[in-house]
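Read the structure below first, then the notes.
The values are calculated or read from the model by the stated rules, or taken from the named source; none is laboratory data. Just so you know, these numbers come straight off a predicted model, no measurement behind them. Note that we place each Cβ from the backbone using ideal geometry, even for glycine, and neighbour counts take in every protein chain shown. Calculation scope for accessible area: heavy atoms of the full protein, side chains included, ligands and nucleic acids excluded. Shrake-Rupley method; radii C 1.70, N 1.55, O 1.52, S 1.80 Å.
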Amino acid sequence: MASIYHLVATLFLLCFMNLSASELVQEQPLVLKYHNGPLLKGKITVNLIWYGKFTPIQRSIIVDFISSLSSNNAAGPSTSSWWKTTENYKGGRSALAVGKQILLENYPLGKSLKNPHFPALASKFNGVNTINIILTAKDVAVEGFCMRCGTHGSARVGRSPVRGTYIWVGNSETQCPGQCAWPFHQPIYGPQTPPLVAPNGDVGVDGMIINLATLLGNTVTNPFNNGYFQGPANAPLEAVSACTGMFGSGSYPGYPGNVLVEKSTGASYNANGINGRKYLLPAMWDPRTSSCKTVV
C-alpha cells in the first residue's frame with residue numbers, strides 16, 4: 001500500500017541540509033523507474049464513499065474536481081492540462097468519470113478507522129478499471145493520519161484474481177492541518193510564511209483536493225506497486241508524491257512557488273475547473289523531461 005509522504009518531514013530535512021533555491025535547481029534529474037506492471041488507462045470510473053458528514057457544497061467541490069480532470073470546458077491553465085501529464089506514462093490516456101456515490105453519515109464503523117477498514121469500505125463497489133475513493137469527514141480519526149494525509153492501495157474484486165484500486169483521503173481541518181492542508185495552513189516545522197487563501201474557501205476540503213490529486217496521479221501510474229516509482233515498493237516516491245511541496249514555478253522547501261491569485265478574494269490557485277471552480281494542484285513528474293511539472 002502506497003501513501004503520501006509526510007510533507008513536513010521533507011521540509012524539515014531540507015531546511016537542515018541548508019539548500020538554497022539555486023542549489024536545488026542544480027540537483028540531478030529525478031527518474032521514476034517503470035517496473036513493467038499494468039497501469040490504469042482508458043475510461044476509469046471513480047466511485048465515492050463519503051464517510052461521515054460533508055455539506056453539499058463540500059461534496060460538490062470534490063466532485064467538480066474529479067469531473068474537471070477529463071473535461072475540456074475550463075479555461076487555461078486548466079485542471080485537465082495538469083492531468084494530461086499522465087498521458088506521457090506508458091499506455092496513453094486515462095479518462096476519469098464520476099460513477100456511484102454512497103453517503104455513510106451514520107459512521108457505521110465508528111469514528112476511529114484502522115487500515116483494514118479501507119479495503120472493506122472500498123468493496124462496496126466492484127468493477128474493473130475503477131477507483132473507489134473513501135473520503136473521511138473532519139471528525140473521523142484515522143490510523144496514521146498525520147503521517148500520510150491519505151493513501152492508495154488495491155484489493156481483490158470479490159473472489160476473482162482481479163484487483164481493484166482504492167484511495168483514502170481525510171479532511172484535515174481539525175486534524176494535522178499543518179501537515180495535510182499546507183500551504184493553506186501554517187506548517188508545523190520549517191519557514192513560517194503566511195498561509196495561502198484556499199480557493200474554495202474551505203481549508204480542509206481544499207487541502208483534501210491537493211492530497212486527492214496526489215493520490216489519483218499516483219494510482220493511475222502505480223496502481224499495483226509495480227508501475228512507476230522510485231525507491232522501495234512499500235515506501236515509494238510516485239508520480240506526484242515525488243514532487244511534494246511544489247505548486248508553481250520557483251518553488252523551494254517552505255515556498256509553494258509562483259501561483260495565481262484571484263483579485264476579488266485573494267485566493268491562490270493554479271488551475272481552473274468546471275463550474276467556475278479553481279484549484280491548487282501539486283506538480284507531477286513528467287517522464288518526457290524527468291522533472292516535476294507545474295501547471296503555472
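A few notes on this one:
- THR289 being assigned to a loop (DSSP other than H, G, I, E, B), closer than 20 Å to TRP83 by Cα and either β-branched (Val, Ile, Thr) or over 15 Å from the mean Cα position of the chain (by Cα) (or both): yes
- The stretch 48-73, subset small (Gly, Ala, Ser) and open to solvent by less than 10 Å² (accessible area, probe 1.4 Å), residue nearest to GLY99 (Cα to Cα): SER68
- Unique residue being in contact with a strand residue (DSSP E or B) (Cβ under 9 Å, 6 or more places away or on another chain), surrounded by fewer than 24 Cβ atoms within 10 Å (Cβ to Cβ) and basic (Lys, Arg) when the list is LYS263, LYS278: LYS278
- Pairs, first farther than 11 Å from TRP50 by Cα in the stretch 135-149, second surrounded by fewer than 21 Cβ atoms within 10 Å (Cβ to Cβ) and of a type in the set (Lys, Arg), C-beta under 6 Å, six or more apart: VAL140/LYS111; GLU143/LYS114
- Matching option when the condition is surrounded by fewer than 13 Cβ atoms within 10 Å (Cβ to Cβ) and under 19 Å from the mean Cα position of the chain (by Cα), among GLY158, GLY144: GLY144
- The C-beta contact set for the stretch 104-123 (first residue within 12 Å of GLY52 (Cβ to Cβ), second residue polar (S, T, N, Q) and surrounded by 15 or more Cβ atoms within 10 Å (Cβ to Cβ), distance under 7 angstrom, 6+ apart or interchain) comprises LEU113/THR136.
- Taking each residue of the stretch 229-250 that is under 24 Å from PHE184 (Cβ atoms) and looking for partners that are aliphatic (A, V, I, L, M) and at pLDDT below 95 with beta-carbon atoms closer than 7 Å, six or more apart or interchain, yields GLU238/ALA2; SER241/ILE4; ALA242/LEU30; THR244/LEU7; GLY245/LEU7; GLY245/LEU11.
- Only a single criterion out of (1) free of Cβ contacts under 8 Å to residues at least 40 places away in the same chain; (2) open to solvent by less than 10 Å² (accessible area, probe 1.4 Å) is not satisfied by TYR89, namely (1).
- Test: LEU96 is open to solvent by less than 20 Å² (accessible area, probe 1.4 Å), closer than 20 Å to PRO38 by Cα, within 21 Å of the chain's Cα centre (by Cα) and not β-branched (Val, Ile, Thr): yes
- Annotation: of all residues in the stretch 185-204 being touching a strand residue (DSSP E or B) at 6+ places or on another chain (Cβ under 9 Å) and in a loop (DSSP other than H, G, I, E, B), the one that is most open to solvent (accessible area, probe 1.4 Å) is GLY201.
- Options ASN225, ASN234, ASN218: the member that is touching a His at 6+ places or on another chain (Cβ under 7 Å) and not in a strand (DSSP E or B): ASN218
- Test: residue in the stretch 171-184 that is farther than 20 Å from ILE61 by Cα, open to solvent by 10 Å² or more (accessible area, probe 1.4 Å), in contact (Cβ under 8 Å) with a residue 60 or more places away in the chain and in a strand (DSSP E or B): no
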